[in-house]
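Okay, so here's the structure we're looking at.
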Amino acid sequence: MKRKWRRLFLIGLFVSFFSTAVGSTLYVLSRLDVLTFFYSPTDLVRKNILSGFRLRLGGLVEEGSVDRSSGKMVSFRVTDLKQSILVRYTGILPALFREGQGVVVEGILGNEGVFIADRVMAKHDEVYMPPEVAESLKEKDI
Amino acid sequence: MVFLRLTNPNLFLRFVDLFFPWLAAAAGLCLCGGLYFSFMSPPDYQQGELVRIIYVHVPMAWLSMGCYFLIAVSALGTLVWRHPLADVSIRAAAPVGAVFTALTLVTGSIWALPTWGVPWVWDARLTSVLILFFLYLGLIALSHAIEDLRRSGRAVAILALVGLINLPIIKFSVNWWSTLHQPASLIRSGGPSLHPDMLRPLLMMALGFSLVFVLLYLMRMRNEILYRRVTSLRQMQARLQASPGTLPDVFGEVL
């Protein structure tokens, strides 16, 4: 019995050392923004990210900001409700794209603070409900 | 502690034969009910009919992680108690887990293409699940790479424990880092953010697929035990033919 407990103890020691190592590596990597899929508008402003690099920007499509007046190009503002950044994009938008919807755009931050996107992805949230329920929730809000 | 007696391979085989038809019937019932409610449940306000993929995707994702947890517990059984059934359990579960993980990835892609606009992104959640799939493939490959069952069993168990760290990473990836994948809808603070009419088919399908997993797992364990017995009988026979009269020492070595 004693040998079994010793083996269990050694395995526990190994597993805890190993997870500490992996955990701290992941922590450092996330501090370096390696593991983030997208930046928020506030990140872009606060972290002073240089223009000209490819990156992803995520947030909500600001209400009333979608402008389709200039032909194939669409422009809108991506906001995290603190900061917002103007995005220009030419191409097909995903079906879920609309004002107030979460999006992740991929492209380059231009010199004048305008984000030139070449890919727009819709971000789905974790809420699922039938259309009637969504309707009645909306009515209650108004 | 009745279950401890099942660590005896003979009792285990009898238990499998006894419960197999009942488990199969329960799995069939749950899947039929689950499918019925999956198609009768309302469409989603954003995705429409597309939401029905989650009734397969989410149970597959849960089971691919649950299966890995089962493998990690079995790995402890191999390393600490050196029990041969624990090794049988890892070998039985790994391919099933690999298939369930592959189905998680495939159904997720089918859902993602119309929803996000892209079938695949390298965000933390998708990448960590892909790593889980590779871990399963690694376990399968390693278990076939070494011929000596005891040595390969130990190697596989160590790899399984190393890969265990991936489970919390998968679970919390959507909370720790910004990902395109949405956070959990069911197991989260503040209760499920899923409408009850959608929760019912999801839970029924989850139960049904869990039973299917248990069925496949028990079937594979039974086959592995029988295969090992046949192998050791063949070895015995070969030794007896090579030098008649000597008592073989392989008897009872494996199972």
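The values are calculated or read from the model by the stated rules, or taken from the named source; none is laboratory data. Note that the structure is predicted; figures quoted are calculated from it, not measured. Cβ placement follows ideal geometry from the backbone for every residue including glycine, while neighbour counts extend to all protein chains displayed. Ligands, DNA and RNA are stripped out before the accessible areas are found, and what is left, the full protein with its side chains, is counted by its heavy atoms. Shrake-Rupley method; radii C 1.70, N 1.55, O 1.52, S 1.80 Å.
Just need a number here: residues in the range B:121-132 that are part of a helix (DSSP H, G or I), without any contact (Cβ under 8 Å) to a residue 60 or more places away in the chain and open to solvent by 10 Å² or more (accessible area, probe 1.4 Å).
6
Filtering the range B:1-43 to residues that are of a type in the set (S, T, N, Q) and crowded, with 16+ Cβ neighbours inside 10 Å leaves B:Ser38, B:Ser41.
All of (1) open to solvent by less than 20 Å² (accessible area, probe 1.4 Å); (2) more than 11 Å from chain A (Cβ to nearest Cβ); (3) closer than 17 Å to A:Val22 by Cβ hold for B:Leu135 with one exception: (1). If you take the residues of the range A:48-65 that are of a type outside the set (Lys, Arg) and closer than 14 Å to A:Val105 by Cα, which of them is modelled with the lowest pLDDT? Of everything passing the filter in the range A:48-65, A:Phe53 is modelled with the lowest pLDDT. Entry remark, the range A:109-132: residues being open to solvent by 40 Å² or more (accessible area, probe 1.4 Å), in contact (Cβ under 8 Å) with a residue 12 or more places away in the chain and part of a loop (DSSP other than H, G, I, E, B) number 2 in total.
Working only within the range B:192-231, note down all residues that are assigned to a helix (DSSP H, G or I), open to solvent by less than 40 Å² (accessible area, probe 1.4 Å), over 23 Å from B:Phe15 (Cα atoms) and not aliphatic (A, V, I, L, M). Within the range B:192-231, B:Pro201 is the sole residue that qualifies. If you take the residues in the range B:83-115 that are open to solvent by 40 Å² or more (accessible area, probe 1.4 Å) and within 12 Å of another protein chain (Cβ to nearest Cβ), which one is farthest from B:Tyr217 (Cα to Cα)? Looking at the filtered set, the residue picked out is B:Pro114. In the range B:96-105 there is no residue that is aliphatic (A, V, I, L, M) and under 18 Å from B:Leu149 (Cβ atoms). Within the range A:110-142, the residues that satisfy the criterion of being more than 12 Å from every other protein chain (Cβ to nearest Cβ), out of contact with any strand residue (DSSP E or B) (no Cβ under 7 Å at 6 or more places or on another chain) and of a type in the set (D, E, K, R) are A:Glu112, A:Glu139, A:Lys140, A:Asp141. Answer yes or no: is there a residue in the range A:55-75 that is closer than 30 Å to A:Val22 by Cβ, β-branched (Val, Ile, Thr) and out of contact with any Cys (no Cβ under 9 Å at 6 or more places or on another chain). The answer is no; no qualifying residue exists. In this structure, is B:Val118 of a type in the set (A, V, I, L, M), within 23 Å of B:Gly208 (Cα to Cα) and either crowded, with 16+ Cβ neighbours inside 10 Å or touching a helix residue (DSSP H, G or I) at 6+ places or on another chain (Cβ under 9 Å) (or both)? Answer is no for this residue.
Could you say whether any residue in the range A:92-99 is part of a helix (DSSP H, G or I), hydrophobic (A, V, I, L, M, F, W, C) and within 9 Å of chain B (Cβ to nearest Cβ)? For the range A:92-99, residues part of a helix (DSSP H, G or I), hydrophobic (A, V, I, L, M, F, W, C) and within 9 Å of chain B (Cβ to nearest Cβ): absent. Please determine whether any residue of the range A:10-27 is buried (at least 18 other Cβ atoms within 10 Å of the Cβ) and either in contact with a helix residue (DSSP H, G or I) (Cβ under 9 Å, 6 or more places away or on another chain) or in contact (Cβ under 8 Å) with a residue 24 or more places away in the chain (or both). Within the range A:10-27, one or more residues are buried (at least 18 other Cβ atoms within 10 Å of the Cβ) and either in contact with a helix residue (DSSP H, G or I) (Cβ under 9 Å, 6 or more places away or on another chain) or in contact (Cβ under 8 Å) with a residue 24 or more places away in the chain (or both). Taking the range B:150-188 as the range and being basic (Lys, Arg) and not in a helix (DSSP H, G or I) as the test, only B:Arg188 passes. Restricting A:Val45, A:Val105, A:Val61 to residues that are among the β-branched types (Val, Ile, Thr) and over 15 Å from the mean Cα position of the chain (by Cα) narrows the list to A:Val45.
Here the range B:44-69 is the region considered, the condition is being crowded, with 20+ Cβ neighbours inside 10 Å and not in a helix (DSSP H, G or I), and the residue that is modelled with the lowest pLDDT is B:Gln46.
Figure legend. Inter-residue proximity from the range A:33-57: first residues more than 14 Å from chain B (Cβ to nearest Cβ), second residues loosely packed, with under 14 Cβ neighbours inside 10 Å and modelled with pLDDT under 80, beta-carbon distance below 6 Å, spacing 6+ or different chains. Indicated pairs: A:Ser51/A:Asn111.
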